[in-house]
Amino acid sequence: FSLADKHTVSIGIYDVVGKEITPVSTIELGAGTYEFPISSKALNSGVYFVKLNVDGYSVTKKIIVQ
């Protein structure tokens, strides 16, 4: 993801019923492009959702672990 300015960002991984799988990470980041690596070793096979919050704006993406 990319940020145009300094923002507070939180990222979490959830299962299909909305249970938090990883603790939500919250960090303040400056302008730039960032990656959030996810290790599938910590996840069982299945469908998960990654939720990114940036100062009140939220986006959720589905990931599939095989």
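All of the numbers you see were taken from the coordinates with simple rules; none came from a lab. None of these values were measured; they are calculated from a predicted model. Cβ placement follows ideal geometry from the backbone for every residue including glycine, while neighbour counts extend to all protein chains displayed.
Below is a table of values for the structure above.
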quantity	calculated
Test result for Val16, loosely packed, with under 12 Cβ neighbours inside 10 Å and either of a type in the set (Val, Ile, Thr) or in contact (Cβ under 8 Å) with a residue 24 or more places away in the chain (or both)	yes
Complete set of residues in the stretch 41-57 that are of a type outside the set (A, V, I, L, M, F, W, C), surrounded by 10 or more Cβ atoms within 10 Å (Cβ to Cβ) and within 13 Å of Thr8 (Cβ to Cβ)	Asn53, Asp55
In the stretch 17-51, the residues that are of a type outside the set (Gly, Ala, Ser), in a loop (DSSP other than H, G, I, E, B) and out of contact with any Lys or Arg (no Cβ under 9 Å at 6 or more places or on another chain)	Val17, Lys19, Ile21, Thr22, Pro23, Tyr34, Glu35, Phe36, Pro37, Ile38, Leu43, Asn44
